[in-house]
Ligand code: GZL
C-alpha cells in the first residue's frame with residue numbers, strides 16, 4: 001500500500017512542479033493565433049518606447065498574432081528568465097532585442113532544443129552557431145557612426161595647429177549600438193591627429209545617467225568643442241548639464257552636438273538650432289519583422305541580416321511639417 005502511496009505522491013509532485021514554473025499564455029488567447037514571446041531590452045529611451053510600440057501595433061490579434069512582451073529593464077538576466085518562460089509556454093516563435101552581444105549561447109541552444117524559432121531585432125548577439133536564430137533585423141550601427149564622422153570632417157572648424165576637443169557619451173557597454181558607434185569614432189580619431197578625445201563618459205543610453213556624468217565632468221573641465229552622444233536621451237541629459245554650466249551649444253554655440261536616434265524631440269532641437277546633427281536609427285521594426293515571419297511561415301528563405309532604412313538630418317534638412325509627420 002505504502003508503495004502505491006509513494007507512486008501517487010511522486011506523480012502529484014511532478015505535475016505540481018511542471019505547472020508551477022509554467023506561465024500560462026494569456027487567458028482567452030484564441031487557439032489559432034500565432035503566439036510570439038518578445039524579450040525587449042527595457043524602456044530606457046524614447047527610441048525603445050517607439051520600438052516596442054511598433055511591435056505591439058504590428059502583432060495584433062486581428063492580424064493573427066498574440067504578442068507577449070517582457071521588459072528586461074536593461075538586465076540580460078531578466079531576458080534569460082523571460083526566454084525560459086517562453087519555452088515553458090511553448091510559444092510559436094521568440095523575438096529577442098538583446099541588451100548586450102555576449103552570453104546567449106546557452107539559452108539559445110535551449111530554445112533550439114525546444115524547437116522554437118528565434119528572431120533577433122535591433123542589436124546583435126555574438127554566438128558560435130549562427131543557426132540558433134533565423135535572422136537579425138536592425139541597423140548598421142558602424143555606418144551610422146561613419147555618417148556622423150563624415151559630417152564632423154566637413155564641419156571641423158578648428159583652426160590650424162589647434163586641436164578639436166571631443167567628448168564621447170557612450171551607451172550601454174557591450175550593446176552593438178555602443179560597440180559600433182564607438183568603433184566609428186575611435187577609428188576616425190586615428191585618422192585625425194588634430195582630434196582629441198577629452199573624455200569617454202558612460203551614459204547607459206539614459207538621460208538621467210548622462211546628466212549625472214556630464215554634470216560631474218563639467219566641474220573639472222569646460223573645454224569641449226564637440227559632444228558625440230550615442231543616443232538622444234543621453235544628449236538631452238547633457239544639454240541640461242550644459243545649460244546649468246552656462247555653456248552654449250548647437251548652431252553658433254561653443255559645443256557642436258552630434259546625436260544618434262533622430263527621435264522627434266531631437267529633430268525639433270535640431271530645427272531650433274540646439275543640435276547640429278541627428279543620425280537616424282529607425283525603431284519601426286514591426287513591419288520588417290512581420291514580413292520575415294510571414295515568409296518563414298510560408299516556407300520561404302529569409303536573409304540572415306536585414307538592415308532598416310535610415311538617414312541623417314541637419315537643420316537644413318528639416319521643416320516643422322516634416323517633424324510633425326514623423327512616426328516617432
Ligand atoms: C539602437 C538601440 C539603442 C538606441 C538607444 O538600435 O539599440 O538603444 O540608439 C536605445 O536609444 O536605448
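The values are calculated or read from the model by the stated rules, or taken from the named source; none is laboratory data. Computed from a predicted model, the values in this text were never measured in an experiment. Cβ coordinates were reconstructed from backbone atoms using ideal geometry, including for glycine residues, and neighbour counts include every protein chain displayed.
What are the pairs, 6+ residues apart or on separate chains, where a residue within the stretch 157-177 that is outside the structural domain of residue 121 (by TED's automatic domain parsing) and buried (at least 24 other Cβ atoms within 10 Å of the Cβ) has its Cβ under 9 Å from a residue that is at pLDDT below 95 and in a loop (DSSP other than H, G, I, E, B)?
Matching pairs, first to second residue: none at all.
Before we move on, is residue 182 without any contact (Cβ under 8 Å) to a residue 60 or more places away in the chain and over 23 Å from residue 97 (Cα atoms)?
no
Just to be sure before I move on: is residue 190 under 23 Å from residue 251 (Cβ atoms), outside the structural domain of residue 100 (by TED's automatic domain parsing) and more than 12 Å from the ligand (Cβ to nearest atom) in the structure I sent?
Judged against the criteria, residue 190 is not a match.
Filter the stretch 227-264 down to the residues that are within 20 Å of the chain's Cα centre (by Cα) and on the phi > 0 side of the Ramachandran plot, then identify the one that is farthest from the ligand (Cβ to nearest atom).
Quick first cut of the stretch 227-264, residues within 20 Å of the chain's Cα centre (by Cα) only: 228-238, 258-264.
Subsequent filtering for residues that are on the phi > 0 side of the Ramachandran plot retains 261-262.
Numbers: 261: 5, 262: 10 Å.
So the residue we want is 262.
Is it fair to say residue 134 is in contact with a strand residue (DSSP E or B) (Cβ under 7 Å, 6 or more places away or on another chain), surrounded by fewer than 22 Cβ atoms within 10 Å (Cβ to Cβ) and closer than 27 Å to residue 233 by Cβ?
The answer is no for residue 134.
Confirm whether residue 253 is in the same structural domain as residue 181 (by TED's automatic domain parsing) and in contact with a helix residue (DSSP H, G or I) (Cβ under 6 Å, 6 or more places away or on another chain).
Considered against the rule, which asks whether it is in the same structural domain as residue 181 (by TED's automatic domain parsing) and in contact with a helix residue (DSSP H, G or I) (Cβ under 6 Å, 6 or more places away or on another chain), residue 253 comes out as no.
Within the stretch 193-235, which residues are over 22 Å from residue 247 (Cβ atoms) and either outside the structural domain of residue 160 (by TED's automatic domain parsing) or surrounded by 15 or more Cβ atoms within 10 Å (Cβ to Cβ) (or both)?
Within the stretch 193-235, 204, 205 qualify.
Would you confirm, using the coordinates I've provided, whether residue 290 is part of a helix (DSSP H, G or I) and surrounded by fewer than 18 Cβ atoms within 10 Å (Cβ to Cβ)?
yes
List every residue pair whose Cβ atoms lie under 7 Å apart, where the two residues are 6 or more positions apart in sequence or sit on different chains, the first residue falls within the stretch 26-39 and is closer than 21 Å to residue 84 by Cβ, and the second residue, located anywhere, is modelled with pLDDT under 65.
Listed pairs, sorted by first residue: 35/25; 35/29.
Limited to the stretch 96-124, what total is found for residues that are within 16 Å of the ligand (Cβ to nearest atom) and either crowded, with 23+ Cβ neighbours inside 10 Å or closer than 15 Å to residue 135 by Cβ (or both)?
11
Write out, first by first residue and then by second, each pair whose Cβ atoms fall under 6 Å of each other, whose residues are 6+ apart or on separate chains, and whose first residue, in the stretch 272-301, is closer than 16 Å to residue 48 by Cβ while the second is part of a loop (DSSP other than H, G, I, E, B).
Qualifying pairs under 6 Å: 280/262; 280/310; 280/311; 281/139; 282/308; 282/310; 283/328.
Looking at the stretch 205-221, is at least one residue in contact with a strand residue (DSSP E or B) (Cβ under 8 Å, 6 or more places away or on another chain) and closer than 25 Å to residue 327 by Cα?
no
Look at residue 14 and say whether it is touching a strand residue (DSSP E or B) at 6+ places or on another chain (Cβ under 7 Å), more than 30 Å from residue 237 (Cα to Cα), at pLDDT below 95 and away from the ligand (no atom under 16 Å from the Cβ).
no
So residue 101 ticks every box in (1) part of a loop (DSSP other than H, G, I, E, B); (2) touching a residue at least 40 places away in the same chain (Cβ under 8 Å); (3) within 19 Å of residue 67 (Cα to Cα) but one. Which box is left unticked?
Of the numbered conditions (1) part of a loop (DSSP other than H, G, I, E, B); (2) touching a residue at least 40 places away in the same chain (Cβ under 8 Å); (3) within 19 Å of residue 67 (Cα to Cα), the odd one out for residue 101 is (3).
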